[in-house]
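Peer 1: Sending over a structure as structure tokens; questions will come in a sec.
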Amino acid sequence: MNMKKYFEGPATSLDDQIESYATSRVPATQRWPRPAILLVLTGNVTAMFWFSLGGQIGFLVGWPMFLFPIAYMVVGATLIGSLIMRIASQEGLSLPLLTRGLGFGTKGSAVASLVYAVNYVFYFIFEGSIVSHGLSEYAGIDIDSFWATVVFAIVALVALFFSWRGMHSMNILQKFGMPIFLILFAVGMYMLASGYVLVGPGEWQATDGFSSTAMWQALSLVNGQIVFQALIATDYGRFVKKSVTYRGTGGLMLAELLMIVVVMILGVFLGFTMLRYFDGTASPELSATDPGLYFAIVMGLLGVIFAIVTQVRINVMNLYSGSLALSNAWDALSPRKFGRQWWMVALLVIGIALYPINVLQYTDKFLAVTGIMTNTWIFILLADYFVCRKWLGLAPSTNIEFRDGWVRNWNPCGISAMLIGIAVGALGVFGVYPSYYASFIAMIIGPIVYIPLTIATRGRFYTPAHVPDSTSHQDTATTH
């Protein structure tokens, strides 16, 4: 068999490529081979975010304690991702659409979709800021200047071009982008070894000394990622063939996460190696976890090009997934429809407007807050699917309904559980208890509240009082 077919998707119309089934089921004829989906996901693997996060965790807990939070992330994200991705592949639905039937209702899902979209705004700005920081170092353009914002916008437009046709154009970008990334990275490591004193694992000591508090802070940083990485994979996993097993989806997640771990370890290595270069500056650790900055220092213009290539590879994914979330939120709230591509434009405009904030300095706070919101949301969905539907039989576990009029506008069980979980998590953020516990407590409270509420109401909030006539609204599930 032609190996090329394993790494590309089925032919489809330009309109379907652009819309990418943002508010409908993915038909059986449009399912992709798993290697092709993994190829698209490599854009996430090489994100500058992982270099930065690896360095932050390394500075917190040192080596080899660094491996504990990383192992937790890999195991947790693989397990959760395998579950969520298989549900998405069986239903051919994105997470925001699944949320409508799995405990939140049509309009209730819009709340979760907006929370989801906020994540992508942050990551979009994060990656773009890294490029601007590299340009600032190389060309002397102030990070918060007008021209830095212009550069950010220009590179963002390149990402927009490659995400316009969804999976199809992203597949092409990642196919050619990965070799370029690897070649430039190898050149960078050669230049680093030629001009700097390399710092190996034996010298990777926690900058403030190892403590249980530092370990909890590191675990908190990765806790949001055990769910968020599953969410990213699911946006593409809904294109996997329905015959896929949990082992198959788990294999996809594990392959992606093991590649991410390599990048994170390299982030620790680069962080400790470059820390000495930034000694005496106002914020040496922040600078040593800024890949755009240190790649520009080590590689010059090639470092800036490397940052641009890497940013475009990940920001096509941020624009794509963010547009899915915003499409679903708007579809739930308004009868007037906007194409998925215009939500990418909206996300780009928001990113440009917020760029001057320099979000890199708020990474730990953002990950704590979004960890609370996304983890609570997803654990409620899993509780609904596996406990309330599969175990208790309170609603069907196949052909999950998502259409307007066929599910309630608001399911108070899911909304209440999420609000309570987030409120308890917020107490940690505001200092009532240590904030590094917040996302763990919130994600446990969500399903603990949700399951009894759904049992007590006997699942009556899954469907509206009057369901439309089945002949008046055909579900594309019948094409599966």
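The values are calculated or read from the model by the stated rules, or taken from the named source; none is laboratory data. Keep in mind it's a predicted model, so treat the numbers as computed, not measured. Neighbour counts are summed over all protein chains in view; Cβ atoms, including those assigned to glycine, are modelled from backbone coordinates with ideal geometry. SASA here: full protein model, heavy atoms, side chains in, ligands and nucleic acids out. Shrake-Rupley method; radii C 1.70, N 1.55, O 1.52, S 1.80 Å.
Peer 1: Out of G224, G209, I need the residue that is of a type in the set (G, A, S) and not in a helix (DSSP H, G or I). Which one?
Peer 2: Step by step, each of G224, G209 is checked, and only G209 is of a type in the set (G, A, S) and not in a helix (DSSP H, G or I).
Peer 1: Scan (1) in contact with a Ser or Thr (Cβ under 6 Å, 6 or more places away or on another chain); (2) among the aromatic types (F, W, Y); (3) free of Cβ contacts under 8 Å to residues at least 40 places away in the same chain for the single condition F152 breaks and write down its number.
Peer 2: That leaves (3) as the condition not met.
Peer 1: Here's another thing I want to ask about it. Out of segment 60-75, which residues are closer than 27 Å to V121 by Cβ and either touching a strand residue (DSSP E or B) at 6+ places or on another chain (Cβ under 7 Å) or open to solvent by less than 10 Å² (accessible area, probe 1.4 Å) (or both)?
Peer 2: P69, I70, M73
Peer 1: Continuing with this model, one more query. Does A11 meet the test of being assigned to a loop (DSSP other than H, G, I, E, B), more than 23 Å from M253 (Cα to Cα) and either at pLDDT 75 or above or not polar (S, T, N, Q) (or both)?
Peer 2: Taking the combined requirement at face value, the residue satisfies it.
Peer 1: Among the residues of segment 121-146 satisfying the criterion of being touching a Leu at 6+ places or on another chain (Cβ under 7 Å) and farther than 14 Å from G351 by Cα, which is most open to solvent (accessible area, probe 1.4 Å)?
Peer 2: Out of the qualifying residues, it is Y138.
Peer 1: I'm told F402 meets every condition in (1) surrounded by fewer than 18 Cβ atoms within 10 Å (Cβ to Cβ); (2) touching a residue at least 24 places away in the same chain (Cβ under 8 Å) except one. Can you identify the failing condition by its number?
Peer 2: F402 satisfies every listed condition except (1).
Peer 1: I need every pair where a residue in segment 120-135 that is on the phi < 0 side of the Ramachandran plot has its Cβ under 7 Å from the Cβ of a residue that is charged (D, E, K, R), sequence separation at least 6 or different chains.
Peer 2: Listed by first residue and then by second, the contacts come to I130/D290; H133/D290.
Peer 1: Go through segment 50-103 and count every residue that is of a type in the set (A, V, I, L, M, F, W, C) and closer than 28 Å to D404 by Cβ.
Peer 2: The number of residues fulfilling the criteria is 10.
Peer 1: Okay, next question. Conditions first: (1) touching a residue at least 60 places away in the same chain (Cβ under 8 Å); (2) under 30 Å from E203 (Cα atoms); (3) of a type in the set (A, V, I, L, M). A71 passes all but one, so which condition is the exception?
Peer 2: Among (1) touching a residue at least 60 places away in the same chain (Cβ under 8 Å); (2) under 30 Å from E203 (Cα atoms); (3) of a type in the set (A, V, I, L, M), the lone unmet condition for A71 is (1).
Peer 1: So, one more: Tell me yes or no: at least one residue of segment 207-218 is open to solvent by 60 Å² or more (accessible area, probe 1.4 Å), in contact with a Leu (Cβ under 7 Å, 6 or more places away or on another chain) and at pLDDT 90 or above.
Peer 2: yes
Peer 1: Moving to a separate point now. Considering only residues that are at pLDDT 85 or above and open to solvent by less than 10 Å² (accessible area, probe 1.4 Å), which ones fall in segment 101-112?
Peer 2: G101, L102, G103, F104, G105, T106, G108, S109, A110
Peer 1: Working only within segment 245-258, note down all residues that are buried (at least 20 other Cβ atoms within 10 Å of the Cβ) and of a type in the set (V, I, T).
Peer 2: T249
Peer 1: Given the condition β-branched (V, I, T), over 21 Å from L98 (Cα atoms), open to solvent by less than 70 Å² (accessible area, probe 1.4 Å) and at pLDDT below 90, answer yes or no: does some residue in segment 369-382 qualify?
Peer 2: yes
Peer 1: OK, next. Six or more apart or on different chains, Cβ under 8 Å: which pairs go from a residue in segment 174-194 that's within 14 Å of T310 (Cβ to Cβ) to one that's of a type in the set (F, W, Y) and part of a helix (DSSP H, G or I)? Could you list them?
Peer 2: Every condition considered, the pairs that remain are F181/F306; L184/F306; F185/F306; G188/F295; G188/F306.
Residue-by-condition table, conditions (1) closer than 20 Å to V131 by Cα; (2) out of contact with any His (no Cβ under 7 Å at 6 or more places or on another chain); (3) open to solvent by 40 Å² or more (accessible area, probe 1.4 Å); (4) assigned to a loop (DSSP other than H, G, I, E, B):
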{"position": "A282", "(1), (2), (3), (4)": "no, yes, yes, yes"}
{"position": "Y294", "(1), (2), (3), (4)": "yes, yes, no, no"}
{"position": "I297", "(1), (2), (3), (4)": "yes, yes, no, no"}
{"position": "V312", "(1), (2), (3), (4)": "yes, yes, no, no"}
{"position": "N315", "(1), (2), (3), (4)": "yes, yes, no, no"}
{"position": "L319", "(1), (2), (3), (4)": "yes, yes, no, no"}
{"position": "S323", "(1), (2), (3), (4)": "no, yes, no, no"}
{"position": "N328", "(1), (2), (3), (4)": "no, yes, no, no"}
{"position": "Q341", "(1), (2), (3), (4)": "no, yes, no, no"}
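Peer 1: Which members of segment 15-25 meet the condition of being modelled with pLDDT of 70 or more and either open to solvent by 40 Å² or more (accessible area, probe 1.4 Å) or closer than 19 Å to A88 by Cβ (or both)?
Peer 2: Listed by number, the residues that qualify are E19, S20, Y21, A22, T23, S24, R25.
Peer 1: Continuing with the same structure: Any idea which of L427, L394 is open to solvent by 30 Å² or more (accessible area, probe 1.4 Å) and either outside any helix (DSSP H, G or I) or not aliphatic (A, V, I, L, M) (or both)?
Peer 2: Residue meeting the stated conditions: L394.
Peer 1: State whether one or more residues within segment 225-234 are surrounded by fewer than 18 Cβ atoms within 10 Å (Cβ to Cβ) and touching a residue at least 40 places away in the same chain (Cβ under 8 Å).
Peer 2: no
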